[in-house]
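Have a look at the structure below before the remarks.
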Amino acid sequence: MRYISTRGQSAPQAFCDILLGGLAPDGGLYLPESYPQVTRADLDAWRQLSYADLAYEILARFITDIPADDLKSLVARTYTADVYCHLRNGGDAAQITPLTKLEDGLYTQELSNGPTLAFKDMAMQLLGNLFEYVLDKRGESINILGATSGDTGSAAEYAMRGKHNVKVFMLSPDGKMSAFQRAQMYSLTDANIFNIAVRGMFDDAQDIVKAVSNDAAFKKQYKIGAVNSINWARVAAQIVYYFQGYFLATASNDEEVSFTVPSGNFGNICAGHIARMMGLPIKHLVLATNENDVLDEFFRTGVYRPRTSVETSVTSSPSMDISKASNFERFVFDLVGRDPVIIRELWSKVDKGEAFDLSTTVYWKNKPKFGFISGRSTHVDRINTIRFAQGRYNVMLDTHTADGLKVALENRQPGQTMIVLETAQPAKFEETIREALGSEPVRPASLQGIENLPQHVVVMDPDLAAIKAFVAEHA
Ligand SMILES: *Cc1c(COP(=O)(O)O)cnc(C)c1O
């Protein structure tokens with residue numbers, strides 16, 4: 001299996017060669033040359049498998065340059081019940097991503113039982129093991145530099161902690177994350193994890209990471225890498241739980257299932273799109289946004305209008321606050337018949353901060369073939385949905401999953417099986433839970449009191465030279 005760029009001007013690459021990088025050299029995103037197709041016989045055989053065995057079967061179709069035995073043991077180490085152990089709803093930890101039944105035909109799928117209580121662990125844990133494997137093989141090392149507003153940074157740190165040949169430098173906006181999120185990241189004691197709280201906003205931290213990535217000499221000298229959401233391996237890892245959810249919600253492979261996905265950078269739902277392209281019987285992919293509705297607008301109107309970060313509002317489902325969706329180019333590539341010339345034309349506008357409009361093109365007529373529908377949710381909807389789910393189903397939802405359930409209920413057809421992906425646990429967003437329910441969110445026992453642990457973090461100004469010097473000293 002080789003990987004091509006959506007912009008069509010980079011040479012095809014093997015999986016391990018794109019693993020440690022970000023964008024393709026031509027500025028595009030990598031995608032497989034073609035999507036592996038699953039047959040009815042595959043589905044019948046896979047229905048019986050454990051999560052780890054299912055993950056191996058699926059990933060082996062995309063990763064053909066790691067020997068089968070090595071990949072199998074790496075995947076088996078990644079998806080174990082003791083890593084995804086933070087269950088709240090009495091599910092079966094051995095299933096890794098169990099369903100919680102809300103009512104007949106309506107489920108949430110728990111993707112947030114991993115170490116940091118958000119779905120990003122599902123992919124990041126695999127990435128940690130893949131990085132270590134490939135770096136060991138090649139005798140190389142990497143210094144990961146990232147900026148986080150919460151979920152990505154903690155998932156990256158818990159995935160990379162203690163790994164050989166990997167160091168993590170994670171910038172976060174000083175004082176802007178929840179006490180729980182700060183405690184999660186800053187309480188780590190691993191020697192290869194460096195937390196830098198930047199006096200400023202998330203965008204200030206992000207600008208520093210961008211400036212370092214644009215400094216080719218520094219990047220090369222200090223082997224700077226990233227683990228951002230456009231990383232292909234992250235998308236690939238996420239395909240697995242769509243299959244798992246499908247098998248758990250159905251009795252036979254004749255049935256269809258729809259998924260609702262609380263979305264930001266389009267990484268999670270992109271994996272659903274690929275599962276569907278592979279032949280998994282998914283009826284609809286329902287994309288849910290919060291007030292930052294750039295993607296809902298596209299799926300309703302055909303107009304993609306990236307916002308400026310000033311226009312992007314700060315909401316109570318912060319991991320969905322985006323001004324443009326970094327993985328969206330992958331879907332549009334398929335929508336326009338995989339024509340890189342069209343992608344280059346469309347993204348020359350996006351890169352200038354302009355909108356594009358597909359509504360009058362032939363491609364828009366193909367849209368129904370891809371199964372996407374969409375909706376949006378606001379703060380009031382989110383609060384009401386958290387109350388509704390608690391009252392009706394006795395299930396406590398986090399704010400992002402509540403956005404998902406709100407949109408799912410609006411779009412679900414009678415008799416249709418619908419799975420809402422649970423992207424985080426309510427314990428991460430205590431303030432909004434208190435506002436909705438007047439009570440404290442449930443927190444897994446092992447994470448009680450983490451705010452009281454000693455914290456390891458340096459606070460710095462958003463000063464590029466100073467932060468580069470810190471990285472240089474510790475890399
Ligand atoms: C990252 C995140 C999302 C958005 O996922 P994308 O892959 O960026 O679309 C939604 N909810 C939570 C809790 C997240 O951490």
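Computed from the coordinates by the stated procedures, all read-outs in this text should not be read as laboratory data. As the structure is a computational prediction, the values presented were derived from the model and not from experiment. All Cβ positions, glycine included, derive from the backbone under ideal geometry; neighbour counts span all protein chains shown.
Computed 3J(HN,Hα) for the stretch 233-244, one whole-Hz value per residue from the Karplus formula 6.51 cos²θ - 1.76 cosθ + 1.60 where θ = phi - 60°, is 4, 5, 4, 4, 4, 6, 4, 4, 6, 5, 5, 4, glycine and proline marked x.
Selection among ASN366, GLN425, TRP46 by position relative to the dipole of the chain gives ASN366 as farthest towards the positive end (Cβ unit charges, Cα centre).
Close lysine pairs were tallied over the stretch 38-176: pairs 8 or more places apart or on different chains with Cα atoms under 24 Å apart number 10. Computed from label points 7 Å out along Cα-Cβ, the spacing between ASP92 and LEU409 is 2.9 nm. The trypsin sites (Lys or Arg not before Pro) of the stretch 55-101 include none that DSSP puts in a loop with a beta carbon having at most 11 other beta carbons within 10 Å. Normalised by the number of residues in the stretch 1-156, the average gap of Cα pairs under 8 Å and 6 or more apart makes the relative contact order 15 percent. Net charge dipole, the stretch 246-339: roughly 180 debye, given to the nearest 20, about the Cα centre with Cβ charges of +1 for Lys and Arg and -1 for Asp and Glu. Start at zero, step by 5 Å, and the Cα-Cα distances of the stretch 12-125 spread as 2, 10, 16, 17, 19, 17, 11, 5, 2, 0 percent across the bins. Sparsely packed loop sites in the stretch 103-200 (the GluC sites (Glu not before Pro) outside DSSP H, G, I, E and B with at most 16 other Cβ atoms within 10 Å) comprise GLU140. Rg and Dmax of the chain, based on Cα coordinates, read 21.0, 60 Å. Protection proxy ranking, highest mean first, for peptides 9-20, 211-222: 9-20, 211-222, where packing is the per-residue count of other beta-carbon atoms within 10 Å, averaged.
So, R0 is 41 Å and r is the distance between the beta-carbons of ALA217 and SER50; what FRET efficiency does that work out to, to 0.05? The calculated FRET efficiency here is 0.30. Quote to one decimal, in nm, the extra length available between ARG338 and MET201 on full extension: 0.36 nm per residue of separation minus the C-alpha distance between them. Net length gain for the segment: 45.6 nm. At 1.567 mPa s and 4 °C, plugging the Kirkwood radius over alpha-carbon pairs of the stretch 427-475 into Stokes-Einstein gives what diffusion coefficient in µm²/s? Estimated via Stokes-Einstein, D reaches 90 µm²/s. Panel order for SER316, SER178, SER141, by other beta carbons found within 10 Å of each beta carbon, from fewest to most: SER141, SER178, SER316. Restricting the stretch 241-315 to GluC sites (Glu not before Pro) that sit in a DSSP loop and have at most 15 other Cβ atoms within 10 Å of their own Cβ leaves GLU255, GLU256, GLU311.
Can you compute the charge dipole magnitude of the chain about its Cα centre, using +1 on each Lys and Arg Cβ and -1 on each Asp and Glu Cβ, nothing else charged? Give it in debye, rounded to the nearest 20.
Details: 47 positive and 56 negative charges, 104 e Å.
I would put it at about 500 debye.
Just need the relative contact order of the stretch 324-475 here, percent rounded to a whole number, with Cα pairs under 8 Å and 6+ apart.
On the way: 104 pairs, mean separation 22.0, N = 152.
Computed over the stretch 324-475, the figure is 14 percent.
Taking Cα centre as origin and charging only the Cβ of basic (Lys, Arg, +1) and acidic (Asp, Glu, -1) residues, the dipole magnitude of the stretch 98-154 rounds to 180 debye. Taking 15 Å as the straight-line reach from the Cα of LYS283, the aspartates and glutamates in range (excluding those fewer than 8 positions away in the same chain) are ASP254, GLU255, GLU256.
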